[in-house]
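The values are calculated or read from the model by the stated rules, or taken from the named source; none is laboratory data. Predicted, not measured: the structure shown is a model, and the values here were computed from it. With ideal geometry, Cβ positions are generated from the backbone for all residues, glycine too; neighbour counts draw on all protein chains shown. Just so you know, the surface numbers come from the protein's heavy atoms only, side chains and all, with ligands and any DNA or RNA stripped out. Shrake-Rupley method; radii C 1.70, N 1.55, O 1.52, S 1.80 Å.
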Amino acid sequence: MKLKIAIAGFRHGHIYDIVSRAKNHPEIELVACCEEDEKTRLFVEQQGIAKITHTDCMKMIENVDCDIIAIGDCYGKRGKIAIEALKKGKHIIADKPLCTRISEIKEIITISTEKNLKVGCQLTMRDMSQFIGLRNLIKSGELGEIHSIIFTGHHPLMINERPEWYFEPDMHGGTINDIGIHAIDYIVWATGFQFSKINAARSWNAFAKKYPHFMDAGQMMLTLANGCGVLGDVSYFAPDSHGYSLPFYWRFTVYGTGGIAETSATTKNIVFAKAGEKEIKYIKLPEANDGGYFQAFIDDIKGRSKPEQLNTKDVLLSSYITLLIQQAGDKNLREITVEAD
């Protein structure tokens, strides 16, 4: 029997990937689509993305017979939708971020655990060939013990192209939470170590002077359970004219006792400077795992998850830790111990 999925919101384009995969997955049936914003409704239908069946997300959740609610509404509205869907016994999957408030993620964790419901998230870094390859290198042991990870996830702001809600107070939820969750989830997956401490984080308004309340800059200093230090910058600092094409877009540099490795989302290989050797190696990339996040969610529901796949526990923990880092950046908090359980 196919799993029935309904879409709650189309306010960010990432949801289109979930819609496309739902339409083409042999185990999924798309049964309803809701969009409360009239302009967005017209765009979605005119572009042939989906047929809108509802204009009230809560009523759709209440009345539609489905197994899954996929959430693509404005960031600030997602937590409420997720909580209501879980209360009604629905599994949920969302574009990132899953929600924008620590109180929301705590309630999502509680309800999903009590009801044994699955939570998915569009954490696509695990599916990219560059980062699968970097993880494979780390897991091989050739990098030795990992002591430092530095990453940059700079995005173009494109202030005149982003949806208006992005810059509404209390709707975006923070740049660290918006972008940084990819790195937080990936680092744990790649190294096998959980985060143990948030040493420091900072959020501030840098480029987006038109919206002084919008914190477009986000940096963090973290520690993994093995003592590895992590430095990250996920600011909206990339020039709009270059889009997402720069080599600084999701660039990871990993320092271990066995050498240094680096790759990025736009790189065609993995650079490996192995300790004891004089020539730099350029490691070929493995195949990407296209749509892996979505298949992992289905497998989680079906009870057939494999150890390396994204699952509910991973999504909830990554979301919670990222929100803690965002809070540290917003409130200038330091040396916060992370309770992974």
When region 295-331 is checked residue by residue, the ones that are farther than 26 Å from Ala70 by Cα and without any contact (Cβ under 8 Å) to a residue 60 or more places away in the chain are Lys331
Region 279-291, residues that are under 28 Å from Gly227 (Cα atoms) and in a loop (DSSP other than H, G, I, E, B):
Ile280
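How about region 168-196: which of its residues are of a type in the set (Val, Ile, Thr), open to solvent by less than 10 Å² (accessible area, probe 1.4 Å) and more than 16 Å from Tyr75 (Cα to Cα)?
Once the filter is applied, which keeps residues that are of a type in the set (Val, Ile, Thr), open to solvent by less than 10 Å² (accessible area, probe 1.4 Å) and more than 16 Å from Tyr75 (Cα to Cα), region 168-196 yields Ile184, Ile187.
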Can you tell me how many residues in region 11-42 are over 24 Å from Asp178 (Cα atoms) and open to solvent by 60 Å² or more (accessible area, probe 1.4 Å)?
6
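State yes or no: is His12 touching a residue at least 60 places away in the same chain (Cβ under 8 Å) and closer than 26 Å to Leu317 by Cα?
yes
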Yes or no: region 117-138 includes at least one residue that is within 19 Å of Gln326 (Cα to Cα), open to solvent by 50 Å² or more (accessible area, probe 1.4 Å) and of a type outside the set (S, T, N, Q).
no
Does region 44-55 contain any residue that is open to solvent by less than 10 Å² (accessible area, probe 1.4 Å), of a type outside the set (A, V, I, L, M), modelled with pLDDT of 95 or more and farther than 24 Å from Asp290 by Cα?
no
Say whether the condition of being in a helix (DSSP H, G or I) and of a type in the set (A, V, I, L, M) is met by at least one residue in region 170-179.
yes
I'd like to check something: does region 198-220 contain any residue that is touching a Leu at 6+ places or on another chain (Cβ under 6 Å) and either within 23 Å of Leu137 (Cα to Cα) or free of Cβ contacts under 8 Å to residues at least 40 places away in the same chain (or both)?
no
Of all residues being part of a loop (DSSP other than H, G, I, E, B) and more than 25 Å from Pro163 (Cα to Cα) in region 73-113, which is most open to solvent (accessible area, probe 1.4 Å)? Just the residue, please.
Lys88
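Residue-wise test of (1) in a helix (DSSP H, G or I); (2) in contact with a His (Cβ under 6 Å, 6 or more places away or on another chain); (3) within 18 Å of Leu98 (Cβ to Cβ); (4) of a type in the set (Phe, Trp, Tyr).
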site: Val254; (1), (2), (3), (4): no, no, no, no
site: Lys268; (1), (2), (3), (4): no, no, no, no
site: Tyr293; (1), (2), (3), (4): yes, no, yes, yes
site: Phe297; (1), (2), (3), (4): yes, no, yes, yes
site: Arg304; (1), (2), (3), (4): no, no, no, no
site: Gln309; (1), (2), (3), (4): no, no, yes, no
site: Leu316; (1), (2), (3), (4): yes, no, yes, no
site: Tyr320; (1), (2), (3), (4): yes, no, yes, yes
site: Leu323; (1), (2), (3), (4): yes, no, yes, no
